[in-house]
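Heads up, the thing below is written out as structure tokens.
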Amino acid sequence: MEEPSLTFDEVKRMAEGIGMTRLTDEHLQQLLRATRVAQARRAALPVATLGPADEPAHVFRLAAEDSR
Amino acid sequence: MTDLSWLTVAEAAGLLRARKLSPVEYAKALIDRIERHDAKLNAFVRFTPDLALEDARRAEAEIMRGAWRGPFHGVPYGLKDIVDYAGLPTTAHSKILQANVAAADAAVTQKLRAAGGVFMGKLSTHEFAIGGPSFDLPWPPARNPWNRDHFCGGSSSGSGAATAAGFLPAAIGTDTGGSVRNPASMCGVAGIKPTYGLVSRRGVLPLAFSLDHVGALTRTVEDNALMLDLIAGHDSLDPGSSAHAKSGCTAELGRGVEGLRIGVIRHFYTRDMEADPEMTAGIDAAMRKLADLGAEVREIETAPLGEWVACNRTILTSEAFAVHEKWMRERPQDYGALARERLMAGAFVRASDYVNATRLRRTMTDKFHALFSGIDVAVTASSMDPACRIDDPKAIEYTYARQARAPFNVTGSPALSVPVGFSKAGLPLAMQIVGKPFSEALVYRVAHAYEQATQWVKRHPPVE
């Protein structure tokens, strides 16, 4: 599914929402480009090949000494 | 006496142990070379000749009384400046960490110091091992010794440049998406990203926890195996460290490739991406050479390169942003432009995308490792192109993504970049040799057989 294209104002609001309030317009343009790149990478992930039980590569694991 | 700049670790170790070479004279020769030439290459962020001479004098006294510690005793080395050396700043080549003095040695630093190595200084990196080459940082970027107008790769830029330039026989680098193998490829040296968990990351500034590897850059394959042998091993203080017993990395050197099965992942550099014709020709010629030496060479297929890269970058940027979020809020202006933009890519990755990328990591890795039932090692391109000009941002942006290294950060496999010749413009060409987890000795065996059958390692860049 194609992502709706983000706008400068949207990415500015998103940045403010996570506390990134000191970004200049130049920084926000960078964030917009970077976020679009990340969205393209998401689209390239072959997630349709995953089954419901496919586990992440790293899962929480206790060491033996934690049972003591 | 041979020009000391080009001594290998193995050669130097023989001379030092036999007391035919003084560690102090060796260190002074390299100090002199660095002082004369590093202003052209910027390999060092912090050059430490006083510490080097202190180490060298200690090594000399110990060797003279017969207390030789091993192949790195009295041998100079450098550390990428995201690796801690107690009492010195670990800057990550960034304004943000200019005053960040390390309280303790990194695990690899401890091992090199315990082995009697001679510490020459901290080496240039891309900012936070991701943003470079950059001209808007407190230090200039390292340059390529084969042509200083060209990029030397990164992010372990200084490690590649210093080793290739004859400043050091060995250096430590790190690799999250290819950052040991990129400078190794661009500078014409050997660079290994070992199996994930083989070398401790303790005391190394993280880029992305589940993809970070500490590795070695040297001019020869034998030296690389010697250095990895020294720095490998379990560390209970590194949560990613493997309990798997390390095997001798030099154990199989000299055994040749007769009968070994080599799988070439050609689609990475001919179909998924189209490499520069000179790079493809260099790798093809290397495959013919290995076949001439008795290996069975055939093509193999794995997932498309773009899927590996998407998986690597989704994980990498998510984990990296977690490290950098506080600074991005408080000091965004203190990053260089390249690091800021590349790190920001992780700001809005959805949690489900990160988890799905790690789920894909497992399935893709399982399938990749299954290929090794029919082969002993795999070979593919490292960079798609020879080094571009360092002052051409468009060429940097274009070539930065044109690489086949990220798949092996995803799989955690050992992957070694070795030179396969030179372009018509005199810039290094390279291939990667990839093994099953913990099969470094076999990877080095193949690389060593190829290196011994060619003359690339005997060429030196025109630094003078």
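The values are calculated or read from the model by the stated rules, or taken from the named source; none is laboratory data. All of these numbers come straight from a predicted model, not from anything done at the bench. As a convention, Cβ positions derive from the backbone with ideal geometry for all residues, glycine included, and neighbour counts pool all protein chains shown.
Quick rundown of the values:
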{"read-out": "Residue ID - nearest to residue A:21 (Cα to Cα), chosen from residues in region B:319-335 that are surrounded by fewer than 24 Cβ atoms within 10 Å (Cβ to Cβ) and in contact with a Gly (Cβ under 6 Å, 6 or more places away or on another chain)", "value": "B:329"}
{"read-out": "Single unsatisfied condition, residue B:121 versus (1) in contact (Cβ under 8 Å) with a residue 60 or more places away in the chain; (2) within 16 Å of the chain's Cα centre (by Cα); (3) within 27 Å of residue B:16 (Cα to Cα)", "value": "(2)"}
{"read-out": "Sole residue being in contact with a helix residue (DSSP H, G or I) (Cβ under 9 Å, 6 or more places away or on another chain) and more than 22 Å from residue B:373 (Cα to Cα), chosen from B:217, B:305, B:290, B:260", "value": "B:217"}
{"read-out": "Failed condition for residue B:436, given (1) surrounded by 24 or more Cβ atoms within 10 Å (Cβ to Cβ); (2) closer than 27 Å to residue B:311 by Cα", "value": "(1)"}
{"read-out": "All helices (runs of 4 or more DSSP H) inside region B:147-255 with 1 or more residues being touching a residue at least 12 places away in the same chain (Cβ under 8 Å) and more than 20 Å from residue B:432 (Cβ to Cβ)", "value": "B:157-164, B:221-231"}
{"read-out": "Selection count, region B:350-400, where residues are within 12 Å of another protein chain (Cβ to nearest Cβ), hydrophobic (A, V, I, L, M, F, W, C) and over 21 Å from residue B:264 (Cα atoms)", "value": "4"}
{"read-out": "Count of residues meeting criterion [hydrophobic (A, V, I, L, M, F, W, C) and assigned to a strand (DSSP E or B)] in region B:54-82", "value": "1"}
{"read-out": "Check on residue B:56, touching a Leu at 6+ places or on another chain (Cβ under 8 Å), touching a residue at least 60 places away in the same chain (Cβ under 8 Å) and crowded, with 18+ Cβ neighbours inside 10 Å", "value": "no"}
{"read-out": "Single condition residue B:143 does not satisfy, out of (1) of a type outside the set (A, V, I, L, M, F, W, C); (2) surrounded by fewer than 23 Cβ atoms within 10 Å (Cβ to Cβ); (3) touching a strand residue (DSSP E or B) at 6+ places or on another chain (Cβ under 9 Å)", "value": "(2)"}
{"read-out": "Check on residue B:303, under 24 Å from the mean Cα position of the chain (by Cα) and closer than 25 Å to residue B:212 by Cβ", "value": "no"}
{"read-out": "Matching residues, region B:340-361, being more than 17 Å from residue B:212 (Cα to Cα) and either charged (D, E, K, R) or crowded, with 19+ Cβ neighbours inside 10 Å (or both)", "value": "B:340, B:341, B:344, B:345, B:347, B:348, B:349, B:350, B:353, B:356, B:359, B:360"}
{"read-out": "Residues of region B:321-349 satisfying the condition of being more than 9 Å from chain A (Cβ to nearest Cβ) and among the hydrophobic types (A, V, I, L, M, F, W, C)", "value": "B:321, B:322, B:323, B:327, B:338, B:339"}
{"read-out": "Residue list for region B:2-29, restricted to those being buried (at least 22 other Cβ atoms within 10 Å of the Cβ) and part of a helix (DSSP H, G or I)", "value": "B:9, B:12, B:13, B:16, B:23, B:26, B:27"}
{"read-out": "Filter result for the condition that a residue is on the phi > 0 side of the Ramachandran plot and either without any contact (Cβ under 8 Å) to a residue 40 or more places away in the chain or surrounded by fewer than 18 Cβ atoms within 10 Å (Cβ to Cβ) (or both), over B:426, B:421", "value": "B:426"}
{"read-out": "Near pairs, Cβ below 6 angstrom, 6+ apart or cross-chain, from region A:35-55 (more than 7 Å from chain B (Cβ to nearest Cβ)) to any residue that is modelled with pLDDT under 95", "value": "A:39/A:3"}
{"read-out": "Residue count, region A:15-34 (criterion: in a helix (DSSP H, G or I), at the interface with another protein chain (Cβ under 7 Å from one of its Cβ atoms) and charged (D, E, K, R))", "value": "1"}
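Listed here are the residues, each with its yes/no results for (1) without any contact (Cβ under 8 Å) to a residue 24 or more places away in the chain; (2) charged (D, E, K, R); (3) more than 27 Å from residue A:51 (Cα to Cα).
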position: B:344; (1), (2), (3): yes, no, yes
position: B:348; (1), (2), (3): yes, no, no
position: B:358; (1), (2), (3): no, no, no
position: B:372; (1), (2), (3): no, no, no
position: B:394; (1), (2), (3): yes, yes, yes
position: B:400; (1), (2), (3): yes, no, yes
position: B:406; (1), (2), (3): no, no, no
